[in-house]
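*Asks:* Starting off with a structure, shown below.
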Amino acid sequence: MNDLQATVARAADRAGSHSTAPALLLQAAAALGKLAELTNAATEGGRRPFRIPTTWQPQLSELAYLVYLLADQTTVDIDATVRALAYQVSADAADLRGQTSDSHWF
């Protein structure tokens with residue numbers, strides 16, 4: 001567990017705010033919905049270019065906090081798994097750049 005994940009877990013312990021994994025998943029989905037609502041409002045339903053609203057940072061932080069709590073609750077080392085995913089995405093992108101356009105299956 002990395003420092004940030006441990007910090008989030010300690011904060012939840014101190015606040016007594018641990019929830020079950022299903023409850024955290026629902027809370028994360030609600031937080032994502034708030035970000036979607038902010039985006040919809042900021043773009044006037046997609047009619048304007050997206051500009052990050054002033055309330056974006058706290059809402060995005062709430063979502064991240066919930067993801068870290070969910071990882072803690074389900075014993076996932078989020079730092080290691082996100083790093084592994086980032087490495088895989090980079091490797092896949094490098095592989096695609098090395099291929100010719102007619103070698104793609106799509």
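The values are calculated or read from the model by the stated rules, or taken from the named source; none is laboratory data. These numbers were taken from a predicted model, which means no experiment stands behind them. Every residue, glycine among them, receives a Cβ derived from its backbone with ideal geometry; neighbour counts consider all protein chains shown. Heavy atoms of the whole protein, side chains included, go into the accessibility calculation; ligands, DNA and RNA do not. Shrake-Rupley method; radii C 1.70, N 1.55, O 1.52, S 1.80 Å.
*Asks:* Tell me the label-point distance for the pair Ala80, Glu44, using the 7 Å Cα-to-Cβ offset, in nm and rounded to one decimal.
*Replies:* Rounded to a tenth, the inter-label distance reads 5.0 nm.
*Asks:* In nm, give the distance between the simple-model label positions of Ser17 and Lys34, each being 7 Å from the Cα along the Cα-to-Cβ direction.
*Replies:* Modelled inter-label distance: 1.0 nm.
*Asks:* Right, another one. Probe radius 1.4 Å, ligands and nucleic acids ignored: give me the carbon and sulfur share of the accessible area of the chain as a rounded percent.
*Replies:* Numbers: 4620 of 7630 Å².
The nonpolar share, carbon plus sulfur, comes to 61 percent.
*Asks:* With only Lys, Arg, Asp and Glu charged, each at its Cβ (+1 for the first two, -1 for the last two), find how big the charge dipole of the chain is about the Cα centre; round to the nearest 20 debye.
*Replies:* Details: 8 positive and 11 negative charges, 83 e Å.
The calculation lands at about 400 debye.
*Asks:* Something else now. Summing -39500 (n - 2.57) over the DSSP H runs of n ≥ 4 in the chain and dividing by its residue number, what mean residue ellipticity at 222 nm do you reach, to the nearest 500 deg cm²/dmol?
*Replies:* Working: 4 runs with 73 residues, N = 106.
Helix-only estimate at 222 nm: -23500 deg cm²/dmol.
*Asks:* Kindly report the accessible area of the chain per residue (heavy atoms of protein chains, probe 1.4 Å, no ligands, DNA or RNA), in Å².
*Replies:* Working: 7630 Å² over 106 residues.
Here the residues of the chain average 72 Å² of exposed surface.
*Asks:* I would also like to ask the following. From the Cα gyration tensor of the chain, with a ≥ b ≥ c the square roots of its eigenvalues, which class applies: rounded if a/c is under 1.5, or else prolate if a/b is larger than b/c, or else oblate?
*Replies:* Numbers: a/c = 2.60, a/b = 1.24, b/c = 2.09.
Taking the square roots of the gyration eigenvalues as a ≥ b ≥ c, the chain is oblate.
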